[in-house]
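To start, the structure under review is shown below, and the notes come after it.
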Amino acid sequence: MSTTRLNQIAVVGMLAALILLSACGTPRPSLSSGSVSACYRAIPTARAAVHEPRATLIGVHRVPADRVKSQLSPEAQTTLAVDDDASVCAVAFKGTFAPGQVDMAPPTQQGRYALVLVTSKHLHLVASVVLNQLPHSLGKRTI
(Lines give C-alpha, C1' and ligand atoms only; values in the text may rest on other atoms or scores of the structure.)
Protein backbone atom coordinates (compact mmCIF):
# COMPACT_ATOMS: atom_id res chain seq x y z
CA MET A 1 0.00 0.00 0.00
CA SER A 2 1.39 3.42 -0.91
CA THR A 3 2.31 6.06 1.66
CA THR A 4 -0.28 8.45 0.18
CA ARG A 5 -3.01 5.85 0.58
CA LEU A 6 -1.97 5.14 4.19
CA ASN A 7 -2.03 8.89 4.95
CA GLN A 8 -5.53 9.18 3.45
CA ILE A 9 -6.75 6.29 5.59
CA ALA A 10 -5.21 7.87 8.71
CA VAL A 11 -6.88 11.24 7.98
CA VAL A 12 -10.27 9.61 7.40
CA GLY A 13 -9.89 7.63 10.62
CA MET A 14 -9.01 10.75 12.61
CA LEU A 15 -11.98 12.64 11.15
CA ALA A 16 -14.33 9.77 11.98
CA ALA A 17 -13.04 9.72 15.56
CA LEU A 18 -13.42 13.49 15.84
CA ILE A 19 -17.02 13.35 14.57
CA LEU A 20 -17.84 10.51 16.96
CA LEU A 21 -16.39 12.36 19.94
CA SER A 22 -18.12 15.62 19.07
CA ALA A 23 -21.44 13.79 18.83
CA CYS A 24 -20.97 12.62 22.41
CA GLY A 25 -20.27 15.96 24.00
CA THR A 26 -17.10 17.69 24.96
CA PRO A 27 -14.47 16.07 27.13
CA ARG A 28 -14.36 17.23 30.74
CA PRO A 29 -11.11 17.53 32.70
CA SER A 30 -12.53 15.49 35.57
CA LEU A 31 -13.16 12.59 33.21
CA SER A 32 -9.55 12.07 32.17
CA SER A 33 -9.35 8.44 33.33
CA GLY A 34 -9.57 5.42 31.05
CA SER A 35 -13.17 4.86 32.15
CA VAL A 36 -14.43 7.45 29.67
CA SER A 37 -13.10 5.66 26.62
CA ALA A 38 -14.80 2.41 27.64
CA CYS A 39 -18.26 3.87 27.10
CA TYR A 40 -17.30 5.83 23.99
CA ARG A 41 -16.16 2.49 22.57
CA ALA A 42 -19.65 1.10 23.30
CA ILE A 43 -21.37 3.58 20.97
CA PRO A 44 -20.98 1.52 17.74
CA THR A 45 -22.44 -1.57 19.46
CA ALA A 46 -25.37 0.47 20.77
CA ARG A 47 -25.94 2.19 17.42
CA ALA A 48 -25.99 -1.20 15.65
CA ALA A 49 -28.87 -2.24 17.95
CA VAL A 50 -30.96 0.76 16.85
CA HIS A 51 -32.58 0.30 13.45
CA GLU A 52 -33.86 3.85 13.02
CA PRO A 53 -31.51 5.70 10.65
CA ARG A 54 -32.60 9.16 11.83
CA ALA A 55 -32.01 8.38 15.52
CA THR A 56 -29.55 10.71 17.21
CA LEU A 57 -27.23 9.96 20.08
CA ILE A 58 -28.15 12.09 23.09
CA GLY A 59 -26.28 10.58 26.02
CA VAL A 60 -23.64 8.09 27.14
CA HIS A 61 -23.35 7.09 30.79
CA ARG A 62 -21.27 4.60 32.71
CA VAL A 63 -23.43 2.84 35.32
CA PRO A 64 -22.38 0.34 38.02
CA ALA A 65 -23.60 -3.10 36.97
CA ASP A 66 -24.92 -3.78 40.48
CA ARG A 67 -27.27 -0.82 40.11
CA VAL A 68 -29.09 -2.34 37.11
CA LYS A 69 -28.39 -6.07 37.45
CA SER A 70 -31.57 -6.94 39.35
CA GLN A 71 -33.70 -5.31 36.64
CA LEU A 72 -32.14 -7.31 33.82
CA SER A 73 -33.23 -10.62 32.34
CA PRO A 74 -31.44 -13.80 33.46
CA GLU A 75 -29.67 -13.89 30.07
CA ALA A 76 -28.38 -10.33 30.53
CA GLN A 77 -27.24 -11.14 34.07
CA THR A 78 -25.34 -14.13 32.70
CA THR A 79 -23.68 -11.93 30.06
CA LEU A 80 -22.52 -9.54 32.79
CA ALA A 81 -21.22 -12.42 34.89
CA VAL A 82 -19.33 -14.02 31.98
CA ASP A 83 -17.81 -10.66 31.00
CA ASP A 84 -16.91 -10.11 34.68
CA ASP A 85 -17.98 -6.52 34.16
CA ALA A 86 -18.47 -4.12 37.05
CA SER A 87 -20.17 -1.49 34.89
CA VAL A 88 -22.35 -1.09 31.84
CA CYS A 89 -22.65 1.73 29.37
CA ALA A 90 -26.12 3.23 28.97
CA VAL A 91 -26.42 4.81 25.53
CA ALA A 92 -29.50 6.95 24.85
CA PHE A 93 -30.92 7.77 21.41
CA LYS A 94 -33.75 10.06 20.34
CA GLY A 95 -35.91 9.23 17.34
CA THR A 96 -39.23 7.69 16.39
CA PHE A 97 -38.99 4.03 17.31
CA ALA A 98 -41.61 1.59 16.08
CA PRO A 99 -42.04 -1.85 17.65
CA GLY A 100 -39.12 -4.12 16.79
CA GLN A 101 -36.69 -1.34 15.78
CA VAL A 102 -34.37 -1.75 18.78
CA ASP A 103 -32.60 -5.06 19.36
CA MET A 104 -33.40 -6.72 22.71
CA ALA A 105 -36.19 -4.25 23.54
CA PRO A 106 -39.58 -5.82 24.22
CA PRO A 107 -41.12 -6.33 20.76
CA THR A 108 -44.22 -4.19 21.35
CA GLN A 109 -42.43 -1.13 22.75
CA GLN A 110 -42.49 2.07 20.75
CA GLY A 111 -41.59 5.63 21.62
CA ARG A 112 -39.27 8.59 21.18
CA TYR A 113 -36.25 7.29 23.08
CA ALA A 114 -34.16 4.12 23.02
CA LEU A 115 -31.88 3.21 25.90
CA VAL A 116 -29.30 0.53 25.10
CA LEU A 117 -27.04 -1.16 27.68
CA VAL A 118 -23.64 -2.46 26.57
CA THR A 119 -20.96 -4.11 28.72
CA SER A 120 -18.00 -1.81 29.16
CA LYS A 121 -15.28 -4.47 28.93
CA HIS A 122 -16.23 -6.66 25.98
CA LEU A 123 -18.88 -4.42 24.40
CA HIS A 124 -21.70 -6.97 24.42
CA LEU A 125 -25.29 -5.81 24.04
CA VAL A 126 -27.04 -6.56 27.35
CA ALA A 127 -30.50 -5.02 27.18
CA SER A 128 -32.57 -2.31 25.51
CA VAL A 129 -35.77 -0.46 26.20
CA VAL A 130 -37.89 2.03 24.22
CA LEU A 131 -39.50 4.86 26.19
CA ASN A 132 -41.52 8.01 25.61
CA GLN A 133 -39.50 9.91 28.20
CA LEU A 134 -35.98 9.45 29.55
CA PRO A 135 -34.98 10.16 33.11
CA HIS A 136 -33.51 13.68 33.14
CA SER A 137 -29.97 12.49 33.94
CA LEU A 138 -29.81 10.26 30.86
CA GLY A 139 -30.45 13.07 28.41
CA LYS A 140 -27.15 14.80 29.16
CA ARG A 141 -24.06 13.98 27.15
CA THR A 142 -21.85 12.76 29.96
CA ILE A 143 -20.26 9.62 31.18
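The values are calculated or read from the model by the stated rules, or taken from the named source; none is laboratory data. Source: prediction; values computed, not measured. Cβ: placed from backbone, ideal geometry, glycine included. Neighbour counts: every protein chain shown.
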Worksheet item: Counting only residues that are charged (D, E, K, R), touching a helix residue (DSSP H, G or I) at 6+ places or on another chain (Cβ under 7 Å) and at pLDDT 90 or above, how many does the stretch 30-79 have?
Response: 1
Worksheet item: Which of the following residues is surrounded by fewer than 21 Cβ atoms within 10 Å (Cβ to Cβ), without any contact (Cβ under 8 Å) to a residue 40 or more places away in the chain and within 16 Å of the chain's Cα centre (by Cα): Val82, Val129, Val88?
Response: Val129
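Take the conditions on the phi < 0 side of the Ramachandran plot, modelled with pLDDT of 90 or more and surrounded by 13 or more Cβ atoms within 10 Å (Cβ to Cβ) and apply them to Lys94. Does it pass?
Spelling it out, Lys94 is indeed on the phi < 0 side of the Ramachandran plot, modelled with pLDDT of 90 or more and surrounded by 13 or more Cβ atoms within 10 Å (Cβ to Cβ).
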Worksheet, complete the sentence: Exactly one of Arg67, Arg62, Arg54 is among the basic types (Lys, Arg) and under 10 Å from the mean Cα position of the chain (by Cα), and that one is Arg62
Discussion item. Looking at the structure I just gave you, is Pro106 more than 15 Å from the chain's Cα centre (by Cα), over 15 Å from Leu57 (Cα atoms) and modelled with pLDDT under 95?
Written reply: yes
